[in-house]
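The values are calculated or read from the model by the stated rules, or taken from the named source; none is laboratory data. These numbers were taken from a predicted model, which means no experiment stands behind them. In this analysis, Cβ positions are derived from the backbone assuming ideal geometry, glycine residues included, and neighbour counts consider all displayed protein chains.
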Amino acid sequence: MWWRTIQLSIKSVLLHPLRSALTILGIFIGVASVIWLLAMGEGIGKAAQEQIASLGALNIIVRTVKPSSDDVEDGSYGLTRSDYVRLVATIPTITKALPIRILAQEFRYQTRSFEGRLVGCTPDYADVTRLKLDRGRFLSDADLDRERNYCVLAHESAERLFPSGNAIGKDIMVDEQFYTVVGVMQPRAPSAGIGGSLAAEDYSRDVYVPITTLWRRIGDMIVVTKPGQFQRDWVEVTQITLQVAERNDVLRTADLVRTTIENEHSFSDYGVTVPLELLQQAETTRLMFILFLGLIAAISLVVGGIGIMNIMLATVTERTHEIGIRRALGAKRQDITRQFLIESTVLSLAGGLSGVIGGLFCRPLTLFMRDQLERWFPDQMATLPDLIRTMEPQLVSWSIPLAFVISLAVGILFGVYPALRAAQLDPIEALRHA
Amino acid sequence: MLSGETVHALRGVSFDVPEGDFISIMGPSGSGKSTLLNLLGCLDRPTSGHFLLGGDDVARMNDDQLAETRARRIGFVFQSYNLLPALSVVENIEVPLYYGGQLNAATRARSLELAHMVGLESRLGHRPAQLSGGQQQRVAIARSLVNDPKFILADEPTGNLDSKTTEEILELLQRLNDEGRTIIMVTHEPDVAELTRRTIVLHDGKLQSDERR
């Protein structure tokens, strides 16, 4: 009985191929846009999350922030060596603590030179920042203990000083002193700068030395020369990266870190960044975004549904005579309702299925469109934010059943009224209808 | 219906139809012919009075029961054939079975048999639009027989046909009556009515004459 009704419905849908195709197109657009918009939302959200996650979800980053000049009396501000010691000694959940001192420096080897970052750090640094060794070795505990003048070069630093040769074992000059290269790192993409609390960090032009060596040989003084101004600042530690073992401990530890440092600093010369907090914020934003896009897509589905209703109402009027014949030959009201309801469902199902297939092409089509846009309008594309320009749509697995079920519901919902109207027709009147 | 007042289209019309009869109903337009036809076809219920079909009072049936009665106990033949355009010949013949819930292998075989009987065995897969008027009316007759009805209700079955085809269709109906089928036919052509066993004439909603030949 049901199968027969479905067959009949498909037949009458095929009786008007163009009209049916246009109706199906409405649902197709609705379903495909649900899948597409969700995929794009997911793609953008994922990208943001990955950027934050690259900071390390288990990390808490405390950094020196230069305060407004009124607060600083003697030019000394920021995190101190005793802050570091206190944090490590008083908070048991901290499993790794990594003090870093960063200075802008000029590096030279024979006739070559370049401006980069001199990073005083500990052996954990490579691990925590996920830098990978290319050749040689990273700094060791022994290097720190003995305050050796060893250094490790970041990828680009090595290329600039030693464009055609092995850097290991060579002595480079930093601030009038020689440092022996013991290792070279692999390249790494810059980490994110998120929410203004953290500048994007570029690791490509770094030179890593033991932080103890840096303290001993270079000291805490920063000389800032601007036109008409000469200023000396004293900073002991640029940044302390703390790591905990458990994700659950991150937020609690972050609170302890904040209070510990707050007690020692009379003015705001530091900042605490917790990537996990940012991650959670980003997750909220992502959900809002998806909800918003989903709403837009839902509207287009409703429009498709109205298309179905429109067509079905027209069909009922047009087929009044047929309804009369069917009723005369023994169709009950519910038979007529079912027939028209199944017909509208067939239309919406066809739209839903084709929409899902269209949705699956989201990624290749978006990438293709972006390539074309970049070819024809490179200038306009360059002005777009990176997050959008490099966005890769990620199909959300649940969006496919969701879109499909919604399309089905739309077909039934918007089919009910025309179907009931068809069933309420008086068989005698309907038969007389030409 | 005029301003809520009921117009009595039929009044005091009373007659019996024995099984195997072949009746023609005649009368000018406005005589209540259509109303009688709708009542006999269980498309409508009498506001008062009774229509007993094999012992069941149609006046007491609800909408679904009326539909089921039409599907299982009445065979319709219309002036304009009234085939479903999307369906093939066999499928059209099967429609009453489908709505009567009687569609199965045995009844399907019966549909084919009937198609054969009306001489359309070579056109089973054709659509109505591909058939001539006479052929369409034969499909309609096959359809009216498929549920093995109590009677066939034919509303001007030859009204749209030329004289040669009219003859063929009337011959077919007569043959069916000879085989024992009860047929009630509405017509306004006296020479068509001539061929039936009995003619009822309506006038102004009343029975004017009921003559058996």
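Side notes on the structure shown:
- Hits in the stretch B:62-93 (condition: over 17 Å from B:Gln137 (Cβ atoms) and crowded, with 23+ Cβ neighbours inside 10 Å): B:Ala67, B:Arg70, B:Ala71, B:Ile74
- Residue that is touching a helix residue (DSSP H, G or I) at 6+ places or on another chain (Cβ under 6 Å), in the same structural domain as A:Phe361 (by TED's automatic domain parsing) and within 30 Å of A:Cys362 (Cα to Cα), where the choices are A:Leu18, A:Leu38, A:Leu25: A:Leu38
- Every pair of residues 6+ apart whose Cβ atoms lie under 9 Å, when the first sits in the stretch A:384-402 and is at pLDDT below 80 while the second is among the β-branched types (Val, Ile, Thr): A:Leu387/A:Ile44; A:Ile388/A:Ile44; A:Met391/A:Ile44; A:Met391/A:Thr366
- Residues satisfying the stated conditions in the stretch A:110-124, i.e. assigned to a strand (DSSP E or B) and crowded, with 17+ Cβ neighbours inside 10 Å: A:Gly116, A:Arg117, A:Leu118, A:Val119, A:Gly120, A:Cys121
- Number of residues in the stretch B:144-186 that are surrounded by fewer than 19 Cβ atoms within 10 Å (Cβ to Cβ), charged (D, E, K, R) and in contact with a Leu (Cβ under 7 Å, 6 or more places away or on another chain) equals 1.
- Positions within the stretch B:79-91 being farther than 16 Å from A:Thr5 by Cβ and either modelled with pLDDT of 90 or more or away from chain A (no Cβ under 14 Å) (or both), in sequence order: B:Gln79, B:Ser80, B:Tyr81, B:Asn82, B:Leu83, B:Ser88, B:Val89, B:Val90
- Any hit, the stretch B:121-138, residues being basic (Lys, Arg), within 14 Å of chain A (Cβ to nearest Cβ) and either more than 19 Å from B:Thr165 (Cα to Cα) or touching a strand residue (DSSP E or B) at 6+ places or on another chain (Cβ under 9 Å) (or both): yes
- Verdict on A:Gln334 being within 14 Å of chain B (Cβ to nearest Cβ), touching a Ser or Thr at 6+ places or on another chain (Cβ under 7 Å) and either closer than 30 Å to B:Glu68 by Cβ or of a type outside the set (D, E, K, R) (or both): no
- Any chance A:Gly41 is closer than 19 Å to A:Leu395 by Cα and modelled with pLDDT of 85 or more: no
- Yes/no for A:Ser113 being hydroxyl-bearing (Ser, Thr, Tyr) and more than 23 Å from A:Asp143 (Cα to Cα): yes
- Options A:Thr320, A:Thr337, A:Thr284: the member that is of a type in the set (S, T, N, Q) and modelled with pLDDT under 90: A:Thr284
- Output for the stretch A:257-278, where each listed residue is crowded, with 19+ Cβ neighbours inside 10 Å and within 16 Å of the chain's Cα centre (by Cα): A:Pro275, A:Leu276, A:Leu278
- Residue in the stretch B:99-119 that is buried (at least 22 other Cβ atoms within 10 Å of the Cβ) and facing chain A (nearest Cβ under 9 Å) present: yes
- The residues in the stretch B:110-127 that are outside any helix (DSSP H, G or I), small (Gly, Ala, Ser) and under 10 Å from B:Glu91 (Cα atoms) can be counted, and the count is 1.
- One residue stands out among those in the stretch A:8-27 that are over 16 Å from A:Asn310 (Cα atoms) and among the hydrophobic types (A, V, I, L, M, F, W, C): the one that is surrounded by the most Cβ atoms within 10 Å (Cβ to Cβ), which is A:Leu8.
- Of the residues making up the stretch A:278-329, just one is of a type in the set (Asp, Glu) and more than 14 Å from chain B (Cβ to nearest Cβ), namely A:Glu283.
Yes or no, residue by residue, for (1) among the polar types (S, T, N, Q); (2) surrounded by fewer than 17 Cβ atoms within 10 Å (Cβ to Cβ):
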| residue | (1), (2) |
| --- | --- |
| A:Thr337 | yes, no |
| A:Phe361 | no, yes |
| A:Pro364 | no, yes |
| A:Pro393 | no, no |
| A:Pro401 | no, yes |
| A:Gly415 | no, no |
| A:Asp426 | no, yes |
